[in-house]
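Structure record follows, encoded as structure tokens.
The values are calculated or read from the model by the stated rules, or taken from the named source; none is laboratory data. Just so it is clear, the structure is predicted and the values come from calculations on it, not from any experiment. Counting neighbours? That spans all protein chains shown, and the Cβs are built from the backbone with ideal geometry, glycine included.
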Amino acid sequence: MKKLSIIGFLLLLLFQTACREEFGKTLFGPDKTVAPEILTDRELVFVNTTETSDISSAREMTLDPVDVIFSSVQPIGYTKEVTVSAKLRDGKIASDNVFYLNVLKDEAVLDAFKTHVGYKAEFLPEAAYKLENDMVVFERDGKVAVNSCTIRIINSFSLEINKDYVLAIQLEATTGFHISETNKVVYLHVKRKGGSGEMEGAADFRPMAGDNTLDANGVDKGVNRNNLYYEADGSSFKNLQACTIEGLIYVDSFKAESERSEGTLAGISSLWGCEDNGGTVNFLLRFGDAGVSTNMLQLIVNDKKYIINYKFKEKQWYHIAMTYDGADIKFYINYRERLSISSTGNISLAGSSFRLGQSFNQWRGFNGKMSEVRIWKTSRTIKELKDNALDVIQFDLEKSKMLAYWKMNKVMLGSGNQKISDVSGNGCHLTVKRQGATDESVTPVVVIDNDIDINI
């Protein structure tokens, strides 16, 4: 009996000991059976406060780089600033805390940058930046930091013209906090532009800010309402023995695939040319059609239609070009030939007018931006297209070969914000118009975006 009691006591002791420990953790409570509270790291969020003083609503950092672009006409020593800070995803800081910013210089950073954005970059020289403050400070019971850190980028001789640089800055978390891998680093993409020395820019074809009113006699199909487009006289672009039309395009959004079955819409976004309802189409380049995907181009020359077998992506810059040498029509996307067809005789690129972003009806406008659109009276080579995609480097020597050149980087002086100038000197200036506009209370104006970087 005594032996049984001792065995029972030992078993009870063993059971109680097991209750006190659970995977090495001491249990709590009067009977030592309550597991400790499970504490998880709190998520710290790295944010860009450059455009806002409200840290709580600031945009979160992503793998997409922040562009800091200088024009070569801006003075050496000119600076631009990017400010960053942090907040908690949930909860509050239990006590005062400081998080630090670190500049990353590992070669793997450059590899990751190229993989994500699609082009190479070098590390930004130290002479071209300064961290004014490397500490993000939280106070006890705070949800957001009480300060922002300033990263000053300097237009420096150490920046080679037209070379891409990257400055990668990481926010370091401490014990008890973590940051998402796609949020913890800000990539600043820095570039000093050259070429002609003019600022880079693009004309925006989307509706003007605040212009949401449908014309009183318009038909609301819910797409492309009030989009801008541009028009020039077409007489200079007719009966050409040879020619090239080229430019840079950026599609903000394509038409929905479902629109291709609707005859009026046909899923079309018009780029260049002119289409009069029912008339012969001399030249037209557009996305979509009843039998063409909305992210693929259709080329029409002398009423003959050709599909360019390439699917474009939204929010990405492309260089596109059509050349004609009297024997062949060729089409290029980023200097790669995508179409070649035999053709003879003269080509006309316009009807009574030449338009950018509009044809046939008001619902076939273009949701995006264009830059560096040129029409030549010669057939350009692949090398000429590639070397001069972002700017015509030897402009004075090339000027005599041009029929029109719209840089689309600024409004024409003295035009009342209504025109974009033809810098070829041939007087083919573009006039801004508005899709389906009958409401005279709204005046279309040229909208230019100069805060961009075009990488092909």
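Could you look through region 96-133, keep only residues that are among the hydrophobic types (A, V, I, L, M, F, W, C) and in a loop (DSSP other than H, G, I, E, B), and pick out the one that is farthest from ILE151 (Cα to Cα)? Ranking the candidates gives ALA121 first. In the set GLY176, GLY118, GLY142, only one residue is of a type in the set (Gly, Ala, Ser), in the same structural domain as SER56 (by TED's automatic domain parsing) and under 18 Å from the mean Cα position of the chain (by Cα); that residue is GLY118.
For GLN298, the conditions (1) in contact with a Lys or Arg (Cβ under 6 Å, 6 or more places away or on another chain); (2) in contact (Cβ under 8 Å) with a residue 24 or more places away in the chain; (3) not aromatic (Phe, Trp, Tyr) are fulfilled apart from (2).
Among the residues of region 242-261, those that are over 29 Å from the mean Cα position of the chain (by Cα) and surrounded by 15 or more Cβ atoms within 10 Å (Cβ to Cβ) comprise ALA242, CYS243.
SER371 falls short on exactly one of the conditions (1) buried (at least 20 other Cβ atoms within 10 Å of the Cβ); (2) under 27 Å from ASN455 (Cα atoms); (3) of a type outside the set (A, V, I, L, M, F, W, C); (4) in contact with a Cys (Cβ under 8 Å, 6 or more places away or on another chain), and that condition is (4).
Per the listing ARG364, ARG374, the residue uniquely basic (Lys, Arg) and within 18 Å of VAL251 (Cβ to Cβ) is ARG364. Looking at the structure I just gave you, is LYS315 surrounded by fewer than 14 Cβ atoms within 10 Å (Cβ to Cβ) and either part of a loop (DSSP other than H, G, I, E, B) or in contact with a Cys (Cβ under 8 Å, 6 or more places away or on another chain) (or both)? Judged against the criteria, LYS315 is a match.
Okay, residues lined up against (1) in contact with a Ser or Thr (Cβ under 9 Å, 6 or more places away or on another chain); (2) within 22 Å of ILE347 (Cβ to Cβ); (3) touching a residue at least 40 places away in the same chain (Cβ under 8 Å):
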site	(1), (2), (3)
GLY365	yes, no, yes
GLY368	yes, no, yes
LEU385	yes, yes, yes
ASP391	yes, no, yes
GLN394	no, no, no
GLU398	no, yes, no
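Please indicate, with yes or no, whether at least one residue in region 119-126 is under 13 Å from ALA86 (Cα atoms), of a type in the set (D, E, K, R) and touching a strand residue (DSSP E or B) at 6+ places or on another chain (Cβ under 8 Å). Scanning region 119-126 turns up no residue that is under 13 Å from ALA86 (Cα atoms), of a type in the set (D, E, K, R) and touching a strand residue (DSSP E or B) at 6+ places or on another chain (Cβ under 8 Å). Scanning region 176-192 for residues that are in a loop (DSSP other than H, G, I, E, B) and in contact (Cβ under 8 Å) with a residue 40 or more places away in the chain turns up GLY176, ILE179, SER180, THR182, ASN183, LYS184. Out of all the residues in region 414-422, is one or more part of a strand (DSSP E or B), crowded, with 20+ Cβ neighbours inside 10 Å, touching a residue at least 40 places away in the same chain (Cβ under 8 Å) and not hydroxyl-bearing (Ser, Thr, Tyr)? Within region 414-422, one or more residues are part of a strand (DSSP E or B), crowded, with 20+ Cβ neighbours inside 10 Å, touching a residue at least 40 places away in the same chain (Cβ under 8 Å) and not hydroxyl-bearing (Ser, Thr, Tyr). Scanning region 52-95 for residues that are of a type in the set (A, V, I, L, M, F, W, C), surrounded by 16 or more Cβ atoms within 10 Å (Cβ to Cβ) and assigned to a loop (DSSP other than H, G, I, E, B) gives ALA58, MET61, ILE93. When residues in region 337-373 are screened for being under 22 Å from the mean Cα position of the chain (by Cα) and part of a strand (DSSP E or B), 7 of them pass.
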